[in-house]
1. Looking at (1) assigned to a helix (DSSP H, G or I); (2) open to solvent by less than 60 Å² (accessible area, probe 1.4 Å); (3) in contact (Cβ under 8 Å) with a residue 40 or more places away in the chain, can you tell me which one V74 breaks?
2. Which count do you get for residues in segment 45-75 that are more than 15 Å from I185 (Cβ to Cβ), small (G, A, S) and out of contact with any Phe, Trp or Tyr (no Cβ under 9 Å at 6 or more places or on another chain)?
3. Taking the condition of being over 20 Å from the mean Cα position of the chain (by Cα) and open to solvent by 40 Å² or more (accessible area, probe 1.4 Å), how many residues in segment 18-55 meet it?
4. If you scan segment 143-162, which residues turn out to be touching a residue at least 40 places away in the same chain (Cβ under 8 Å) and touching a Gly at 6+ places or on another chain (Cβ under 9 Å)?
5. Is at least one residue of segment 152-167 in contact with a Cys (Cβ under 6 Å, 6 or more places away or on another chain), within 21 Å of N78 (Cβ to Cβ) and not aromatic (F, W, Y)?
6. Would you pick out the residues in segment 1-33 that are within 26 Å of I208 (Cα to Cα) and of a type in the set (S, T, N, Q)?
7. Give segment 86-99 a look and list any residue that's under 20 Å from S194 (Cα atoms) and either assigned to a strand (DSSP E or B) or among the hydroxyl-bearing types (S, T, Y) (or both), or say none.
8. Quick one: which of G136, G152 is over 16 Å from the mean Cα position of the chain (by Cα) and not hydrophobic (A, V, I, L, M, F, W, C)?
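The values are calculated or read from the model by the stated rules, or taken from the named source; none is laboratory data. This structure is a prediction, so every number in the text was calculated from the model and none was measured. Heads up, the Cβs are rebuilt from the backbone with ideal geometry, glycines too, and the neighbour counts pull from every protein chain shown. These accessible areas exclude ligands, DNA and RNA; they are computed on the full protein's heavy atoms, side chains included. Shrake-Rupley method; radii C 1.70, N 1.55, O 1.52, S 1.80 Å.
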Amino acid sequence: MENIKFVEPHNIEKRSFEIIQEEMGDICLDKEIEPIVKRVIHTSADFDYLNNMCFSKNAVKKAKEALKNGAAIVTDTNMAYSGINKKAAAKYGVSIHCFMADEDVSKEAIERGETRAALSMEKASEIQGPVIFAIGNAPTALIRLYELIKEGAIQPEVIIGVPVGFVNVVEAKELIMSLEDVEYIVAKGRKGGSNIAAAICNALLYNID
């Protein structure tokens, strides 16, 4: 232990991003998406995100503009909700919501035989003003979002679609990326998670011009 040189606590994040850059080597990311991908890697220690992060043409620009103007963020888990930096959000008047544990959502989900994640998206459709969805756990949330968009019931500013898992995950992400006129940030494949959804939101908030 006496030969181990520890990084001082206040330098840990800085050193982490230095290591990420070092291990990326000659890989150069577009300047717009670079802070997002690096923060996702920082959160997960997984360099696969260099290859599986997909951004629609105007997703980052539109997300930043929406957040700068006080858009709402809706998550599908309380973990993602908790992981979004509230101080950074408050700076721009951004509200953060998760309806998964709401009693009315739970009751209706049981009555209809649907998941709470799907029903929470329906409740989110009632929010007035611009909304960014950050989905890190439930593919059923993405599927219901797809349906609501097709029905004309909602028009999100951006969908962050990064649920993790094995069942319906890949298919739900592909559905979102198939939508026309909907901006998205998606982690293709099985990887993702609530921590990834929160990391993307934070990266956007930290890099508003």
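1. If we test V74 against (1) assigned to a helix (DSSP H, G or I); (2) open to solvent by less than 60 Å² (accessible area, probe 1.4 Å); (3) in contact (Cβ under 8 Å) with a residue 40 or more places away in the chain, just (1) comes out false.
2. Adding up the residues that qualify gives 2.
3. 9
4. Hit for segment 143-162 is I160, nothing else.
5. Scanning segment 152-167, I find no residue that is in contact with a Cys (Cβ under 6 Å, 6 or more places away or on another chain), within 21 Å of N78 (Cβ to Cβ) and not aromatic (F, W, Y), so the answer is no.
6. Correct list: N11, S16, Q21.
7. S95, I96, H97, C98
8. G152
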